[in-house]
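J.: Encoded as structure tokens, here's the structure I'll be asking about.
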């Protein structure tokens, strides 16, 4: 089995463990929000890239983020537990914050495909 498959399996297992821990702790709403967070972010970024109201500089940031996330080269390698995924999460939050400030929270809320609760968890702003 390749190292990338192992990395993906470990990341998936950590993600599932975090969702399960929230569910077992009685925080089912937070567990649902976390479970859909990554797919919701991908849909949000795709929609923002296609919206003419988003500035080109913000579209460039989103496009660069998507290339970085798809790239096997990371600032912190993904095989390092927690820290390997943390750099990706920090970059996603940074780009989302920049788009929030530039395009406005209403535009991001308009394109957000998931529940409002998960958007609040991600931004801490709404």
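J.: Looking only at residues in the stretch 67-91 that are modelled with pLDDT of 80 or more and surrounded by 13 or more Cβ atoms within 10 Å (Cβ to Cβ), which one is nearest to the chain's Cα centre (by Cα)?
T.: Here the answer is 91.
J.: Working only within the stretch 58-78, note down all residues that are more than 18 Å from residue 96 (Cβ to Cβ) and touching a residue at least 24 places away in the same chain (Cβ under 8 Å).
T.: Selection gives 72, 78.
Residues checked against (1) modelled with pLDDT of 70 or more; (2) surrounded by fewer than 17 Cβ atoms within 10 Å (Cβ to Cβ); (3) under 27 Å from residue 99 (Cβ atoms):
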position: 15; (1), (2), (3): no, yes, yes
position: 26; (1), (2), (3): yes, yes, no
position: 34; (1), (2), (3): no, no, yes
position: 37; (1), (2), (3): yes, no, yes
position: 41; (1), (2), (3): yes, no, yes
position: 46; (1), (2), (3): yes, yes, yes
position: 50; (1), (2), (3): yes, yes, yes
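The values are calculated or read from the model by the stated rules, or taken from the named source; none is laboratory data. Keep in mind that what you see is a predicted model, and the values were worked out from it rather than measured. Ideal geometry is used to build each Cβ from the backbone, glycine not excepted, and the neighbour counts take in all protein chains shown.
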